[in-house]
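The values are calculated or read from the model by the stated rules, or taken from the named source; none is laboratory data. Note that the structure is predicted; figures quoted are calculated from it, not measured. Positions of Cβ are generated from backbone atoms using ideal geometry, with glycine treated the same way; all protein chains shown enter the neighbour counts.
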Protein chains: 2
Amino acid sequence: MQESFDVLASSGSYQVLIGEGLLEKVFSEYPDAFYIVDAKLKNILPENFKSCLFIEASEDNKTLEKMPNVILKMREAHLNRTSHLVAIGGGIIQDIATFVTSIYMRGIEWTYMPTTLLGMADSCIGGKSSINTLGYKNLIGNFYPPKSVSIDMRFIKTLDADQVIGGLFEAVKICYAKDNATFLAYLQDEPKFPLNASLAQRLLSRALKTKKWFIEIDEFDQNERLLLNFGHTFGHALEAGTDFAIAHGIAVGIGMVIAIEYAKQNNHLNQEGLGRAQMLSNHVRSMIAESLSELVANFPKLDLVQIVEKFDHDKKHQTNSYRMIIPKEGGALTIINQDKTEEVRQKITKAYQSGLNLVAYPHF
Amino acid sequence: MQESFDVLASSGSYQVLIGEGLLEKVFSEYPDAFYIVDAKLKNILPENFKSCLFIEASEDNKTLEKMPNVILKMREAHLNRTSHLVAIGGGIIQDIATFVTSIYMRGIEWTYMPTTLLGMADSCIGGKSSINTLGYKNLIGNFYPPKSVSIDMRFIKTLDADQVIGGLFEAVKICYAKDNATFLAYLQDEPKFPLNASLAQRLLSRALKTKKWFIEIDEFDQNERLLLNFGHTFGHALEAGTDFAIAHGIAVGIGMVIAIEYAKQNNHLNQEGLGRAQMLSNHVRSMIAESLSELVANFPKLDLVQIVEKFDHDKKHQTNSYRMIIPKEGGALTIINQDKTEEVRQKITKAYQSGLNLVAYPHF
């Protein structure tokens, strides 16, 4: 079964297709396109494919410094303003494709086929790119959505526990951010690892249609869409403090648990909110616990002082205050700004301690 | 006297201010902004100015490869998502500023103050950037208009004949492209070199308000706005064939004369159109003749075979046909596509010969 819906953007609307057999559909629809494909997926392309660039999905390959190489391949393949590009891969491939299509001859059209659950559940719509330069991770980026997004269920079975659970954490984050009804409906779908195709499609469909609401009312990340950074500032510090040994999606999940601890410890929640936030925290923790054997192996040691320092340097903060997204009052997400004082840093440290204990972080 | 109008863009509207004393106004409005300024204009900044990067306006400095250096300076000046950038300079400074503000932290707001007549009369609105990479001129670019454009008349008196006449050629091109009434009104303003401030303001105001019409109905260069490439394909080959010794605006003027010759020689014009196109051709030729002493000195030798080869490789053509913008029928500009045959190439060569003779090109 295939389903589709449209996302409205300032540059026009684009179609999102979810289902089986979509890879073949893209090949037959775009035989003359220029393909950018994750090097790991070489074998999915038909033999003697015309115009294709395989890129290893590494942080180094999504630097501004490497973009001229990609542009050169596009020029050598004689792409002009009416040419089409197809990108197949995870977030890094999406970042590269978004960026190069947005600037090649002032923009060409493209199609994206995400192959990771993070890509499928979240990043594939909204049009964001994140590019590194001169050692600064994600300092550069822009908004340039594809003309169509095709999510083929075949890729689900290639994903390990880390990837699936990480993707589901972005999905539940979106649903929680929207409202209580959406969050409850998501839980009733019973997300778990391993996913079968029909469950995956149901979860993805709900997450993406919910995300559609956020990006259509706030395409350029000024207001409501900022709430989708829930879990990201606390989580990003875990990634950065461990040299990115903790996968992004897992870090976001743990980041949500820590943000909830912060809200609890500082009395931001009323009785109803406490119940709602606790339900999310429990869900995240049970997902992690369920696959603990898979996850534990890769969990690195944490240095809490270093983690809080990374938190301190996050670019989402203001000059003089920390910007955090926490559940407040009845449980709805809210952006709060807290002065950068030693007192607040201690509160943040305490939330990290408590949250990491709760996810039974093995080396802490 | 100052005047202002707004330009509507998909990312919001922006204000265009034309008048005297605007440099001081920008300084007082944006004391904390990050300034990118043409290295030639160092002396216009107040002493001990806080946060400023001087850039030499060279083709090499508007390469994708050089962008990380500019981004680094912005990062070192602690720019965040709410910071403002001010760019003061000509087209190259505008290209660099458009590009870096569009990608720094996914986009920050900026103000542009053009200091050349090309910038003031044409490029300052519409939001286009053109960036070089790996030896390909303008292969890269995007659309990212500033939040405001301030055109200070003080810069008019710093410009030489080449710069003024080149800028006026872009202005008359815009007015001719719109309709006959706008073209006639432009001529009645009696454009000439040297310009005084009040004449300059009148001409600029008319050209920019006319260009506003084109970019508001076709922001991303798909239909009507393409007509503003009139003179550019014929002209660009003159620039490229002489290693850019002929200034862009002058090349556009000569390019329009050549496009008109092509239309005449191939019977694209009726009696009325012939009269209208001839009036434009005469105007361009008289502007060039008027300042011939200034212009001649820098005119390089031309190799017609090489020029037509450059024309052949222009990126605005289709795969199998030349795309030209010429006056047709009653004189209105029209895009025509002509198969890439030897016969068409001969017609193009003939138009070049005739057009270059008409502008009394000294070395031809």
Worksheet item: If you check B:Ile92 against the conditions, is it buried (at least 23 other Cβ atoms within 10 Å of the Cβ) and hydrophobic (A, V, I, L, M, F, W, C)?
Response: no
Worksheet entry | Check on B:Ser123, within 18 Å of the chain's Cα centre (by Cα), under 25 Å from B:Ile288 (Cβ atoms) and within 14 Å of chain A (Cβ to nearest Cβ) | yes
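Out of B:Val26, B:Val37, B:Val70, which single residue is at pLDDT 95 or above, within 24 Å of the chain's Cα centre (by Cα), farther than 29 Å from A:Thr63 by Cα and buried (at least 16 other Cβ atoms within 10 Å of the Cβ)?
Values: B:Val37 fails: farther than 29 Å from A:Thr63 by Cα; B:Val70 fails: farther than 29 Å from A:Thr63 by Cα.
The unique qualifying residue is B:Val26.
Select, from A:Ala240, A:Ala263, A:Ala245, A:Ala277, the only residue that is aliphatic (A, V, I, L, M) and part of a loop (DSSP other than H, G, I, E, B).
Details: A:Ala240 fails: part of a loop (DSSP other than H, G, I, E, B); A:Ala263 fails: part of a loop (DSSP other than H, G, I, E, B); A:Ala277 fails: part of a loop (DSSP other than H, G, I, E, B).
Just a single option satisfies the conditions, and that option is A:Ala245.
Yes or no, residue by residue, for (1) closer than 25 Å to B:His236 by Cα; (2) touching a Phe, Trp or Tyr at 6+ places or on another chain (Cβ under 7 Å); (3) modelled with pLDDT of 95 or more:
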position: B:Ser129; (1), (2), (3): yes, yes, yes
position: B:Lys178; (1), (2), (3): yes, yes, yes
position: B:Tyr186; (1), (2), (3): yes, no, yes
position: B:Glu224; (1), (2), (3): yes, yes, no
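Which ones in region B:312-350 are outside any strand (DSSP E or B), within 23 Å of the chain's Cα centre (by Cα) and modelled with pLDDT of 90 or more?
Of the residues in region B:312-350, the ones outside any strand (DSSP E or B) are B:312-320, B:330-331, B:340-350.
Keeping just the survivors that are within 23 Å of the chain's Cα centre (by Cα) gives B:312-318, B:331.
Answer for region B:312-350, where residues must be outside any strand (DSSP E or B), within 23 Å of the chain's Cα centre (by Cα) and modelled with pLDDT of 90 or more: B:Asp312, B:Gly331.
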Worksheet item: B:Lys192 passes all but one of (1) assigned to a helix (DSSP H, G or I); (2) farther than 16 Å from B:Gly119 by Cβ; (3) in contact (Cβ under 8 Å) with a residue 60 or more places away in the chain; which number fails?
Response: (1)
Discussion item. Please go through region A:210-237 and give me each residue that is closer than 17 Å to A:Met324 by Cβ and part of a helix (DSSP H, G or I), ordered by number.
Written reply: A:Glu224, A:Arg225, A:Leu226, A:Leu227, A:Leu228, A:Asn229, A:His232, A:Thr233, A:Phe234, A:Gly235, A:His236, A:Ala237
Worksheet item: Within region B:297-343, which residues are more than 14 Å from chain A (Cβ to nearest Cβ) and among the polar types (S, T, N, Q)?
Response: B:Asn298, B:Gln306, B:Thr334, B:Gln338, B:Thr341
Worksheet item: How many residues are in a strand (DSSP E or B) and facing chain A (nearest Cβ under 7 Å) when one looks only at region B:129-149?
Response: 5
Practice prompt. Out of the residues in region B:142-178 that are within 29 Å of B:Asn282 (Cβ to Cβ) and basic (Lys, Arg), state the one that is surrounded by the fewest Cβ atoms within 10 Å (Cβ to Cβ).
Written response: B:Lys157
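Among the residues of region A:159-166, is there at least one that is within 29 Å of A:Thr334 (Cα to Cα), outside any helix (DSSP H, G or I) and in contact with a helix residue (DSSP H, G or I) (Cβ under 6 Å, 6 or more places away or on another chain)?
The initial filter retains those residues of region A:159-166 that are within 29 Å of A:Thr334 (Cα to Cα), namely A:162-166.
Filter again for outside any helix (DSSP H, G or I), leaving none.
So far as region A:159-166 goes, no, none of its residues is within 29 Å of A:Thr334 (Cα to Cα), outside any helix (DSSP H, G or I) and in contact with a helix residue (DSSP H, G or I) (Cβ under 6 Å, 6 or more places away or on another chain).
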Worksheet item: Mind checking whether some residue in region A:327-343 is among the basic types (Lys, Arg) and in contact with a Lys or Arg (Cβ under 7 Å, 6 or more places away or on another chain)?
Response: no
